[in-house]
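First the structure, in the form of structure tokens, and then the observations on it.
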Amino acid sequence: MFNFTDHLGNIRLSYSKDPATNVLKIIEENHYYPFGLKHSGYNSDKMMYSKEGSTVKIKPVPPLFVTSYSEKYNGQSWETDLGINITAMDYRQYDNALGRFYGVDVLAELMPSITPNHFGFNNPVFWSDPSGLISQKSIQSMWDNSAENASTTWYNDGADNFDKEDGSGSVNRDGDYFEYSEALPNVNVQRHKGGLLKYNSGDIVEGHVYNNGKYYQGWRDKRSSKQLDVFQSGLDGFGNVPVLGEAFDFTNGVVSGLRGNYGEAGVNFACMIPIGGNFVSGGKIIYKNTPKVYDVYHGLDASGAIKYVGITSRNPLVRFSEHAGSIGTGRELLRYDVISSGLTKQQARVLEQTIINTHGLEKNGGQLLNRINSIAPKNWEKFGIN
């Protein structure tokens, strides 16, 4: 017996050679709905071998007769005994009509976000599920990326990913392997018996990673920017104090210049001018309350491929210099250019997310070094993002 199968391993056509004529003959033809229920009412002829005396023939299967050859959907056995009509997968029984397994996946705790009775991640046109267990590709990927002649432990992170015990990589539920490694400075955590601690050890370690991990540089940049915004707002207030205000305006101007906000720096320095500075101070209030404009920029590698995209309300050259100093992230190797200017923050973020969706995040199999989306996926439709 020979079979034609489709890309999922479903047996679509079974054929063999007729002993009487030595000509190939179709034994059975199968057509399936997506979740495996077989079409009926056409191409339903089914043949079988039959031995009559010393002669072997191929003839139609009699009504209610069950042949020994029953492999069908996913290449697994189609069981019709007592009218149960289910597919016997390796570890569970599958109902082709419901598109669900009868039993719970024994490895269900590894993928808490997916129903334990699902079949093929609810996408039977793309996935097969012949074992009824967790994705075989995921298991194979973990096997391929484990040490030889030594034990390797993988930990479920509770979000459908499996992290290698040494922190060097992870496998997602689709079986894709992502390698990453980073050595952080040592951190000492001391616990004392009795008394109350403001932070527990987990908070301390978490804070250490946020403050030192290369993948959180963007978060640190935003935190620093917000802290400076608060500091400069205070300087603005003290800048209105007679006589003493000039020193605060000078400090404010220096900070703005270092941050690349040259317009704000000029306004702060102008506020130091005797008498006329009072008018500039009034103009500064108006300037400070004017909505910021944003630039969108991208970073290109040596081949000209886009590897990073970002937005900034500061002088882009300052942001580019910050990337150049982020050694070890890959962003320091890129050439940066502004691609759109004078945008509102929302317009800039929408454009940034559109570019991210076009090229994909590296951690998800794309090409961009960005670690996170600019806009959460649940809000894409609201902003017209595909």
Looking across segment 329-353 at residues that are out of contact with any helix residue (DSSP H, G or I) (no Cβ under 9 Å at 6 or more places or on another chain) and surrounded by 18 or more Cβ atoms within 10 Å (Cβ to Cβ), the single one that is nearest to Y308 (Cα to Cα) is E352
Being surrounded by 12 or more Cβ atoms within 10 Å (Cβ to Cβ), modelled with pLDDT under 70 and more than 30 Å from H31 (Cβ to Cβ) narrows it down to one residue among V106, V171, V187; which is it? V187
Filter segment 249-266 down to residues that are part of a helix (DSSP H, G or I) and either crowded, with 21+ Cβ neighbours inside 10 Å or on the phi > 0 side of the Ramachandran plot (or both), then give me how many there are. 5
So which pairs qualify, if the first residue must be in segment 45-69 and at positive phi, the second must be at pLDDT 80 or above, the Cβ gap must be under 8 Å, and the two must be at least 6 apart or on different chains? none
Mind checking which pairs have a first residue in segment 127-155 that is closer than 24 Å to M89 by Cβ and not assigned by TED's automatic domain parsing to the domain that holds E165 and a second that is in a helix (DSSP H, G or I) and modelled with pLDDT of 75 or more, Cβ under 6 Å, 6 or more apart or different chains? W127/G120; W127/F121; S128/N74; D129/G120; P130/N74
When (1) in a strand (DSSP E or B); (2) within 25 Å of N117 (Cα to Cα); (3) among the acidic types (D, E) are applied to D90, the one that fails is (1)
Tell me, yes or no, whether segment 202-220 has at least one residue that is surrounded by 15 or more Cβ atoms within 10 Å (Cβ to Cβ), modelled with pLDDT of 80 or more, of a type in the set (D, E, K, R) and in contact with a Gly (Cβ under 8 Å, 6 or more places away or on another chain). no
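Suppose we filter S303, S374 for residues that are surrounded by 15 or more Cβ atoms within 10 Å (Cβ to Cβ) and either among the polar types (S, T, N, Q) or touching a Cys at 6+ places or on another chain (Cβ under 8 Å) (or both); which single one remains?
When all the criteria are applied, what remains is S374.
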From the list G342, G365, G325, G360, which one is modelled with pLDDT under 85 and not assigned by TED's automatic domain parsing to the domain that holds Y262? G325
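Out of V254, V241, V318, V230, report the one residue that is at pLDDT below 80, farther than 30 Å from S168 by Cβ and not assigned by TED's automatic domain parsing to the domain that holds G169.
Selected residue: V241, the only one of V254, V241, V318, V230 that is at pLDDT below 80, farther than 30 Å from S168 by Cβ and not assigned by TED's automatic domain parsing to the domain that holds G169.
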Members of segment 34-44 found to be touching a residue at least 12 places away in the same chain (Cβ under 8 Å) and aromatic (F, W, Y), listed by number: F35
Given (1) in contact with a strand residue (DSSP E or B) (Cβ under 9 Å, 6 or more places away or on another chain); (2) closer than 13 Å to H298 by Cα, where does T354 come up short, assuming only one miss? (1)
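The values are calculated or read from the model by the stated rules, or taken from the named source; none is laboratory data. These figures come from a predicted structure and were not determined experimentally. Neighbour counts run over all protein chains shown; Cβ positions are idealised from the backbone, glycine included.
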